[in-house]
Amino acid sequence: MSTPVVILCGGQGTRFREQTENRPKPMIEVAGRPILWHIMSFYAGHGFKDFVLCLGYKGDYIKRYFNEALALSADMTIDFESGTVQSHDSARDDWRVTLVDTGPHTETAGRLTRVRQYLGDERFLMTYGDGVADIDLNDLMKFHESHGKLATVTAVHPTARFGALGIEGDLVTHFAEKPQMAEGWINGGYFILEPGIFDHIPGDVDWAKEPMESLATSGELCAFRHDGFWQCMDTLRDKIFLNSLWDGGDAPWKLW
């Protein structure tokens, strides 16, 4: 069994309500494809192609997408006279995708426990279904293996919401439009986890609260520092920004 990748896809995306009224947040499109597809393609580009998707809010939308993607990825011949459809072999993604309904209101750590049966008793990767980055996942794995702890979180510098000014006296010496902040680290959402982390989940709770706090206080959580590109998609502004990167030929997460 290859190392599985768990992607949390069940939230309601309330901060992005204008886009999530009729579809789940991971299905919001960047360059004509759901951001979930971009995330999965990024993992696949590093050789991780076994996915477990934790569905919740409008999870049927995601199930239909993958079911139709398989059917529509093949070339086909439609014979209207006989009423038959013949599919032809064609290139398609060699992914294995397990879609699990983890409940519409379940917390993130609760969703993780509900897919445990699909993970075996080995380490796995985990991320959220709304952020892209140019992390070297193979370096991340090597780092995780080197420290021997239960969990690794990728630490990133957040992007500033507003343009940054360099000022000397009254003179602006430089300006950067929404730069990545040079100080401070936040949870970037790209994890590598050992099965022992389930002992740190007390129930249906937020993964970023009790479980991560428990792992940290017990000395079982290490941080992989990533200084490169990272961007979540929480607002329409973020979506426009990611699309502009793609349209400009500068999408750092693109490996295909």
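The values are calculated or read from the model by the stated rules, or taken from the named source; none is laboratory data. All of these numbers come straight from a predicted model, not from anything done at the bench. Here the Cβ is made from the backbone with ideal geometry for all residues, glycine too, and neighbour counts use every protein chain on show. These accessible areas exclude ligands, DNA and RNA; they are computed on the full protein's heavy atoms, side chains included. Shrake-Rupley method; radii C 1.70, N 1.55, O 1.52, S 1.80 Å.
Here are the numbers for the structure shown:
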{"item": "Förster radius 41 Å - calculated FRET efficiency between T77 and W256 (Cβ-Cβ, nearest 0.05)", "result": "0.90"}
{"item": "Fraction in percent of alpha-carbon pairs per bin - 5 Å, the chain", "result": "1, 5, 12, 16, 18, 17, 12, 8, 5, 3, 2, 1, 0, 0, 0, 0, 0"}
{"item": "Placed amide H near T159: partners under 5 Å, 5+ positions off or other chain", "result": "M181"}
{"item": "DSSP-defined antiparallel bridges as percent of all bridges, the chain, nearest 5", "result": "50 percent"}
{"item": "Calculated from backbone phi, Karplus (6.51, -1.76, 1.60) coupling profile of segment 106-114 in Hz, x at Gly/Pro", "result": "5, 6, 4, 5, x, 5, 4, 5, 6"}
{"item": "Accessible surface of Y118 - all protein chains present, 1.4 Å probe, nearest 10 Å²", "result": "100 Å²"}
{"item": "FRET efficiency estimate (nearest 0.05) - Cβ-Cβ, D227 to E168, R0 30 angstrom", "result": "0.70"}
{"item": "The chain: calculated mean residue ellipticity at 222 nm from DSSP helix runs of at least 4, using -39500 (n - 2.57)", "result": "-7500 deg cm²/dmol"}
{"item": "GNM top mover of I62, I78, I192 - the chain, alpha-carbon springs below 10 Å", "result": "I78"}
{"item": "Where GluC sites (Glu not before Pro) in DSSP loops with at most 15 other Cβ within 10 Å are excluded, longest remaining stretch of the chain", "result": "184-256"}
{"item": "All Cα pairs of segment 41-139, percent lying beyond 19 Å", "result": "56 percent"}
{"item": "Nonlocal amide H pairs with T235, under 5 Å, H built at 1.01 Å", "result": "none"}
{"item": "Computed Rg/Rh of segment 96-139, alpha carbon atoms with Kirkwood Rh", "result": "0.99"}
{"item": "Solvent-accessible heavy-atom area per residue, rounded to whole Å², over the chain at 1.4 Å", "result": "52 Å²"}
{"item": "Heavy atoms of S2: accessible area, 1.4 Å probe, square angstrom to 10", "result": "60 Å²"}
{"item": "Estimated vicinal HN-Hα couplings, Hz - segment 4-10 in sequence order (Karplus 6.51, -1.76, 1.60; Gly, Pro = x)", "result": "x, 10, 8, 10, 7, 10, x"}
{"item": "Choice from Q19, Q117, Q86 showing the highest fluctuation, given a GNM over the chain with Cα pairs closer than 10 Å", "result": "Q86"}
{"item": "For Y190, residues with placed amide H under 5 Å, excluding near neighbours", "result": "T154"}
{"item": "Normalised per residue, the volume of the convex hull around the Cα set of segment 2-64 (Å³)", "result": "86 Å³"}
